[in-house]
Amino acid sequence: MVKRFFSYYRPYKTLFIVDFTCAIIAALLELSFPVIVNQVIDKIMPLKNIRLILVVSAALFGFYVINTALQYVVVYFGHKLGVNIETDMRNELFTHLQKQPYDYYDNQKTGKLMTRLTSDLFEISELAHHGPEDVFITIMTLVGSFLLMYQIHPQLAFATAVMVPFITIALVFFNKKMTKVNTTIYENLGEFNAGIEASVSGIRVTQAFANEEHEVTRFGRLNELYRQSKLAFYKTMAVSSSYNYLMIRLINLFALLFGSYYTIRGDITNGNFVGFILLSNVFARPIEKINTMIESYPKGFAGFKRFVEEIDKEPSIQDGDGAVDLKPVVGNITYQDVSFSYSDGTQVFDQLSLDIKSGETVAFVGPSGAGKTTLCHLLPRFYDIDSGKISIDGQNIQHVTLKSLREQIGLVQQDVFLFPGTIKENILYGRLDATEEDVLEAVKLAHLEQVIDGLPDGLNTVIGERGVRLSGGQKQRVAIARMFLKNPPILILDEATSALDTETEQVIQESLGSLAKGRTTLIIAHRLATIKDATRIVVVDTTGIVESGTHDELMEKQGAYKKLYDAQFRS
């Protein structure tokens, strides 16, 4: 873990060296001050030379100015180093999350992932900045100040440093305990953020059901759980800091007590005594910093541990060895003995086979939960099959790159997701390098012109989070325009017109019909009236494919499709 942590310093070696060097010089200058005071009292003051004292004071002032500049470098460039490392880690984690498949997000809470991208990495940034520097400076200052005290009087130095082993033992004990507590805090913070995200996203549902008090109560429980975790942390920190405070005060007390004794005996001079007292304060200062280290380091290590755990989760779906780009396809699709189960073991398909020819419009119908959407989601490898083979134009989709595969498949989902931003930005998501003319053509094909003309800023109208300022039908048409812009050879329409009124639905169906010409189109449908003209209708239930044929053929069979049709249109 330590080696892996330090690997993130590599791009910033120069910055680290500058920060580290300045910190060391600043610490050395701090050590020199008591020695100079010692010399002033013992050697310069007896001369009664005010001019010489002024020269020494001016030199000390110069030291302070230099140290001030060094402190600026340490604080600014040190934090810059931490922020750079934090940014790299956040980019790495976000990129990693982008590669995770659907089944990963099926088992994740958005709030927990947000915590890992924000709070966790902030604490890692603090550790990256202060960690190596504080440890080295603490050891160097302790050793350096002890050696200087030893030169003044060995017995006095040992008497003063007698508390250090007790502080070291406490450091190890409290560090372990607080790392454990911090891990719990981060877990509770993830649940806390997930609760907030769910409550804010679902505020309209909450208000529609008048369940505000229920949400306040639920949030109160999460808030209290997080509060208890924080209190456990601060309780441990309070015990640690109180213990260290006592040890540090004893160091100062021992320095004063034994120093006075040896000065009265004549073993050390007054200058030695004052210098020793100052050195004992320098000696105690890094020990005081240990309190800060005990507070921040466990947070950073706990955050880094969670970061590593997340990064080490290999995407269950990724390019295989030797994967090649899928060339422009005609659109012949084959499902051959395909079996698939969800991660919880629920089986959806068992040796399912299906051939779809180029240019066909195939509609999948059946009861909810039968696997219609899942069957289509296997094609762009949103989920991976357990066994069997899916091929496009004879090429196994597991032998091609995910990017090239998904670039040739267009998807309009039942639950439309629009990004915060403008209508134009959301349509451009279909093809990021499209021209203004391409966007306007997609708008025309999706029959969005009238909607856009009625908006204050036209295409540049900001639609709010998840397109909240648009109606369901308008959001659906933006999604369809996005798909028109992508213009892929294979289309998947998951209830693509479900949110439209009857009149608009008819217009969009005509547009989709024209787009589907010469393309392979897979339609997931509940409203059977929208797929009467499909080349083929495939009836799916929990056992797999039950029937297949045109609307008229299936009606004549008097089978599963006829029952679905009659149930939907029974007056």
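Readers should treat all values here as calculations from the given coordinates under stated rules, not as data from a laboratory. Since we're looking at a predicted model, the values are computed, not measured. Don't worry about glycine lacking a Cβ; one is built from the backbone with ideal geometry, like all the others, and counts go over all protein chains shown.
How far, in nm, would the chain grow between E187 and N211 when pulled straight, counting 0.36 nm per residue and subtracting the alpha carbon separation?
Values: separation 24, 0.36 × 24 = 8.64 nm, distance 2.67 nm.
This chain segment gains 6.0 nm when fully extended.
Going by amide H atoms built from the backbone, whose H comes under 5 Å of the H on I523, apart from near neighbours?
The list, which skips near neighbours in sequence, is V362, A363, F364, L493.
Grab the beta carbon distance between K563 and E224, set R0 = 60 Å, and tell me the FRET efficiency rounded to 0.05.
On the way: r = 52 Å, r/R0 = 0.87.
After rounding, the FRET efficiency stands at 0.70.
So what J values fall out for the stretch 544-551 if you push phi through Karplus, 6.51 cos²θ - 1.76 cosθ + 1.60 with θ = phi - 60°, rounded to Hz, Gly and Pro as x?
x, 7, 9, 9, 7, x, 6, 4
So which of K475/K532; K327/K424; K357/K532; K389/K532; K475/K563 end up more than 21 Å apart by C-alpha? Don't skip to the end; give the middle numbers.
Working: K475/K532 25 Å; K327/K424 29 Å; K357/K532 18 Å; K389/K532 29 Å; K475/K563 33 Å.
Too far apart for the 21 Å limit: K475/K532; K327/K424; K389/K532; K475/K563.
Treat the count of other C-beta atoms within 10 Å as a stand-in for reagent exposure and order D19, D384 from fewest to most. Numbers along the way, then the final one.
Values: D19 24, D384 16.
Sorted ascending by nearby Cβ count, the order is D384, D19.
Stick to the Cα atoms of the stretch 339-417, pair each with every other, and give me the Kirkwood hydrodynamic radius in Å at one decimal. Walk me through the intermediate numbers first.
Details: mean 1/r = 0.0718 Å⁻¹.
The Cα-based Kirkwood calculation yields 13.9 Å.
What share of Cα pairs, in percent, lie more than 38 angstrom apart in the chain?
Numbers: 85954 of 162735 pairs.
Percent of Cα pairs beyond 38 Å in the chain: 53.
Taking the Cα centre as origin and putting +1 on Lys and Arg beta-carbons and -1 on Asp and Glu beta-carbons, what dipole magnitude results for the stretch 2-311, to the nearest 20 debye? Don't skip to the answer; put the middle values down first.
Values: 29 positive and 25 negative charges, 129 e Å.
I would put it at about 620 debye.
Counting just the Cα atoms, what span does the stretch 265-378 cover along each of its three principal axes? Round to the nearest Å and put the largest first.
104, 35, 21
Antiparallel versus total DSSP beta bridges in the chain: what percent is that, nearest 5? Let's see the in-between values first.
On the way: 19 of 37 bridges.
Counting DSSP beta bridges with both partners in the chain, the antiparallel share is about 50 percent.
So, in Å, what gap is there between the alpha-carbon centers of the stretch 129-153 and the stretch 1-41?
Each part's Cα centre sits 11 Å from the other's.
Within 10 Å of each candidate Cβ there may be at most 11 other Cβ atoms; applying that plus a DSSP loop requirement, which trypsin sites (Lys or Arg not before Pro) in the stretch 5-114 survive? Show your work: numbers first, answer last.
Values: sites: K13, K43, K48, R51, K80, R90, K99, K109, K112; in loops: K48, K109.
Counting only loop positions with at most 11 other Cβ atoms within 10 Å, the trypsin sites (Lys or Arg not before Pro) in the stretch 5-114 are K48.
Work out, in µm²/s and without decimals, the Stokes-Einstein translational diffusion coefficient of the stretch 2-311 at 25 °C, 0.890 mPa s, Rh from Kirkwood over C-alpha pairs. Don't jump to the answer; show the numbers that get you there.
Working: Rh = 22.8 Å.
Value of D from the Cα-based Kirkwood radius: 107 µm²/s.
May I have the extent of the alpha carbons of the stretch 101-181 along their three principal axes, as whole Å values ordered from largest to smallest?
69, 23, 15
Quick one: of K109/K180; K99/K517; K3/K299; K80/K403; K444/K486; K372/K562, which pairs are farther than 24 Å apart, Cα to Cα? Write out the running numbers ahead of the final one.
Values: K109/K180 22 Å; K99/K517 33 Å; K3/K299 18 Å; K80/K403 35 Å; K444/K486 14 Å; K372/K562 18 Å.
Pairs exceeding the cut-off: K99/K517; K80/K403.
Taking 0.36 nm per intervening residue step and subtracting the Cα-Cα distance, what contour gain separates F166 from V2 on full extension?
Working: separation 164, 0.36 × 164 = 59.04 nm, distance 2.56 nm.
That works out to 56.5 nm of additional length.
What is the order of H377, H399, fewest Cβ neighbours within 10 Å to most?
Working: H377 20, H399 16.
Fewest-to-most ranking of H377, H399: H399, H377.
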